[in-house]
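Only one structure is covered here, and it is reproduced in the block below.
The values are calculated or read from the model by the stated rules, or taken from the named source; none is laboratory data. Model, not experiment: these values are computed from the prediction. Cβ coordinates were reconstructed from backbone atoms using ideal geometry, including for glycine residues, and neighbour counts include every protein chain displayed.
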Amino acid sequence: MELLEGEREEILNKVNEIVKGYDDNRENLIPILQKVQMGIGYLPLLAQEKIAEALNIPPVDVYGLATFYNQFRLNPPGKHQVQVCMGTACHMIGGQIIMDSFERRLEIEEGETTSDREFSLERVACVGCCAIAPVVVINDFVEGKVSPLRVDGIMLQLQEGKEDSNSLEGEAEDKSPEEKNERGNQE
Amino acid sequence: MTAKPKIIVGLGTCGIAAGGQDVYQAIEKALAENNIDAELTQTGCIGACENEVLVDIQKPGQPRITYGKVPPEEVGNVVTEHIVKDQISRDFVLGKIGEGDLPAEYEDIPVFFEELPFYQKQNRLCLRNCGFINPEIIDEYVAREGYEALKKVITTMKPEEVVEEVKKSGLRGRGGGGFPSGLKWEFTMKAEGDKKYIVCNADEGDPGAFMDRSILEGDPHSVLEGMAIAGYAVGADEGYIYCRAEYPLAVKRLKLAIEQAKEKNFLGNNILGADFNFDLKVKEGAGAFVCGEETALLMSIEGKRGMPRPRPPFPAQKGLFDKPTCLNNVETFGNVPVVFLKGADYFASIGTEGSKGTKVFALTGSINRTGLAEVPMGITIQEVVYDIAGGLPGDGEFKAVQVGGPSGGCIPKDLLHLPIDYDSLTDAGAMMGSGGLVIMGLDTCMVDIARYFLTFTQSESCGKCTPCREGTKRMLEILQRITTGEGEPEDIEKLKTLGDAISSTSLCGLGQTAPNPVLTTLRYFQDEYEKHIFDKRCPAGICVDLLIYAIDPELCDGCRRCVKACPVDAISGEKKEPHVIDTEACIKCGACLEKCKEEAIKLQS
Ligand SMILES: Cc1cc2nc3c(=O)[nH]c(=O)nc-3n(C[C@H](O)[C@H](O)[C@H](O)COP(=O)(O)O)c2cc1C
Ligand code: FES
């Protein structure tokens, strides 16, 4: 992804600030990457180069780590992060169907971010809430017993939160009144 | 004893997911509004995840009463009635814990651990404090014999005696392999080196297991204490806990626990006045299943790609930063204080000849009571599935249980009598693994399950050795073919040959065990593979490519709900007329199935 206006500066500042807190010991590489990702949301190549410089190691070693571990993202996350659990219990009760529903609604595939950077979609392996499978984690909030129709509800909620529901009125009207009620009850 | 009434809310990850924070706030509000003077606190998971949010109320002189599934709207009332009027809500009460008197009308409330079927056959040693203490307050741990074992070890025992005691207890590693812990400690103790490390494996990568998480969240100090004892025994002064990054709450509580233990001098320099220093650090993993493997984990702590290396040398000789390192699992360390508090003989009296003590299992899948159960080794699968987990919901029929996650296998109905211990499970082609138990009914497709686990291990293979990197890919391709109706008659033999080759030639445990789910399902459920291959049918109705959605015109009352629910407009039909699904357009998402009140939509294989 292309960097946006002003992002370059922001990245450099953030990385510098974080790297300062560590001595240049290889053991600190993963913690630094984790902190940078927490700060910027992902690990742009620029940040990886800067980190390599600070730790005095070749950039490829940083890239090697960033691509090895599932936690690290090379692309910016969406404003809303949707994580679908694909652990055993969730798989057995239809996790894939939930993933398919999100992919269809968001028109992206697992691991991608929508082009307006509003949503990103990821899989996780068991968040430890198997008792309420299938589970979806939305912006760190765990939602259990999700069904394909509930996916529509979740999306509606998120999008309404975003633009005071204007853009979605048309769609909401399509639904029958009892469906609207159902959604109300779930909240 | 508490002079004030005490209210305890279960706030592990599961409790929070079920709305625990809302419940907590609702109680705060109710206490303030009604001017009730009570202590409100939190605790970790007590195991009955099914019943979250759990709220416990203890009035002085009375037993502690546990309520389950309490919604935030009601909890204020429940608490107020209980504390002010001594009225216990029959709608939510689960059981009572501990001594004390209750009004006669409540005599019949079951005793929590003895009389509730979920707990009757459990023996909570490692989970002894989970659900009882506030994990963020060290004094509550200390009040329940916390750090007594460490004190005893440091002040009265020589390191050799400590190792001997662990050997005598028969404790074996709970992280999967089941290696005798005492021996491992002995090797590390005897290894030459000026510097040694203790490492706790808290990576818990098995997708469907959460035992370690519950211990770390509910009773972090027991793990710290176990590690400090190990440090004293092997002569290490530094330790690392490698914790899965997906467990933010566990990481937070561990760090807090370390800080508090240092303040009390249970960690740090000259611990309890003795000539023994021990310091601990938490390292957050970064999400790679293979980092649960011990040599990969050590690489990861060193800041490298977590790739396993051949053993020997074992970590006990050459581990972290090439120093002798004793590495154990969370639950293994959690058991160590028990060994010293209750004695090795007591510990060894529980379990079977070859497997001593208890094991914590995460029970999930098609069962009535999901949750965490700690049972004595040697209990049968039957007892766990039916007595503890309450059998399958509705009239569901048991088909198999998956033990040990991606490295484990599926055990069929005929083996329900099998005792759960390291050796019996291995003989049956599965393995103890981490302790995930997934119970499956007739609506589970065994080929799909095998494919699921192999997809997982295949994508987590680190790529270092060829059999695992390439072999699992080929196996997965074959399984994909079979589940999409493209299977060929030779596929079964091919899977067996490949599986055996990968098991015997891979570098680390990931590859060596990756074929297990496929090989065990082939061993016990070969007919299901054959139906997919020869008849192009999925008997359980799971493999979507082999199914079509159709509407039974007899049952359809023409309500048009499914027509509206269909995201791709594949369903048509007039009001009050039976509807039809265009099977070409249908994407098999299940939305119509969910909407239909008449159960008119059928999956046909
Ligand atoms: C692919 C793979 C993943 C593993 N994952 C874990 C894990 O998540 N937690 C764990 O404690 N052990 C795991 N192990 C086992 C460790 O390598 C090691 O045997 C264990 O942590 C030793 O501790 P113990 O003797 O106390 O069981 C894994 C092994 C392999 C091969
Ligand atoms: S499998 Fe989804 S929460 Fe455990």
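Worth a mention:
- The residues listed here are B:48, B:32; of these, the one that is surrounded by fewer than 21 Cβ atoms within 10 Å (Cβ to Cβ) and of a type in the set (Gly, Ala, Ser) is B:32.
- Filter result (under 27 Å from the mean Cα position of the chain (by Cα), more than 14 Å from residue B:18 (Cα to Cα) and of a type in the set (A, V, I, L, M, F, W, C)) within the stretch B:58-84: B:65
- Remark: residue A:110 matches the filter, which requires a residue to be acidic (Asp, Glu), within 13 Å of chain B (Cβ to nearest Cβ) and touching a Leu at 6+ places or on another chain (Cβ under 8 Å).
- Verdict on residue B:195 being of a type in the set (Lys, Arg), free of Cβ contacts under 8 Å to residues at least 60 places away in the same chain and away from ligand 2 (no atom under 16 Å from the Cβ): no
- Residue in the stretch B:266-282 that is within 14 Å of chain A (Cβ to nearest Cβ), part of a loop (DSSP other than H, G, I, E, B) and on the phi < 0 side of the Ramachandran plot present: no
- Qualifying residue in the stretch B:44-54 (condition: modelled with pLDDT of 95 or more, outside any loop (DSSP other than H, G, I, E, B) and under 28 Å from residue A:132 (Cβ atoms)): no
- Taking the stretch A:84-94 as the range and being away from ligand 1 (no atom under 16 Å from the Cβ) and either outside the structural domain of residue A:149 (by TED's automatic domain parsing) or touching a Cys at 6+ places or on another chain (Cβ under 6 Å) (or both) as the test, only A:89 passes.
- Lone unmet requirement of (1) farther than 26 Å from residue B:217 by Cα; (2) part of a helix (DSSP H, G or I) for residue B:354: (2)
- Every test in (1) of a type outside the set (Phe, Trp, Tyr); (2) away from ligand 1 (no atom under 14 Å from the Cβ); (3) at pLDDT below 95 is passed by residue B:190 save one, and that test is (3).
- Comparison of B:361, B:314, B:321 shows that the only residue that is more than 20 Å from residue B:156 (Cβ to Cβ), surrounded by fewer than 24 Cβ atoms within 10 Å (Cβ to Cβ) and touching a helix residue (DSSP H, G or I) at 6+ places or on another chain (Cβ under 8 Å) is B:314.
- Among the residues listed as B:186, B:165, B:204, B:225, the single one being buried (at least 20 other Cβ atoms within 10 Å of the Cβ) and within 16 Å of ligand 2 (Cβ to nearest atom): B:204
- Failed condition for residue B:483, given (1) out of contact with any His (no Cβ under 9 Å at 6 or more places or on another chain); (2) buried (at least 20 other Cβ atoms within 10 Å of the Cβ); (3) closer than 30 Å to residue B:457 by Cα: (1)
- Residue list for the stretch A:32-59, filter: more than 14 Å from every other protein chain (Cβ to nearest Cβ) and over 25 Å from residue A:115 (Cα atoms): A:49, A:50, A:53, A:59
- Of all residue pairs spaced 6 or more apart or on separate chains, those with beta-carbon atoms under 7 Å, a first member in the stretch A:60-72 that is within 9 Å of chain B (Cβ to nearest Cβ) and a second member that is outside any helix (DSSP H, G or I) and among the charged types (D, E, K, R) are A:64/B:305; A:65/B:305; A:68/B:305.
- Within the stretch B:193-222, considering residues that are more than 14 Å from chain A (Cβ to nearest Cβ) and either part of a strand (DSSP E or B) or touching a strand residue (DSSP E or B) at 6+ places or on another chain (Cβ under 6 Å) (or both), the one nearest to ligand 1 (Cβ to nearest atom): B:201
- Residues of the stretch A:116-127 that turn out to be in a loop (DSSP other than H, G, I, E, B) and more than 6 Å from ligand 2 (Cβ to nearest atom), as a count: 4
- Residue list for the stretch B:153-186, restricted to those being in contact with a Leu (Cβ under 8 Å, 6 or more places away or on another chain) and more than 16 Å from ligand 1 (Cβ to nearest atom): B:154, B:155
- Test result for residue B:409, without any contact (Cβ under 8 Å) to a residue 60 or more places away in the chain and within 14 Å of chain A (Cβ to nearest Cβ): no
- Single residue of the stretch A:113-128 satisfying the filter (out of contact with any His (no Cβ under 7 Å at 6 or more places or on another chain), more than 16 Å from ligand 1 (Cβ to nearest atom) and in contact (Cβ under 8 Å) with a residue 24 or more places away in the chain) that is farthest from the other protein chains (Cβ to nearest Cβ): A:117
- Spans of helices (runs of 4 or more DSSP H) in the stretch B:110-187 with at least 3 residues farther than 21 Å from residue B:54 by Cβ and within 23 Å of the chain's Cα centre (by Cα): none
- Just one of the listed residues (B:167, B:184) is touching a helix residue (DSSP H, G or I) at 6+ places or on another chain (Cβ under 6 Å) and in the same structural domain as residue B:335 (by TED's automatic domain parsing), and it is B:167.
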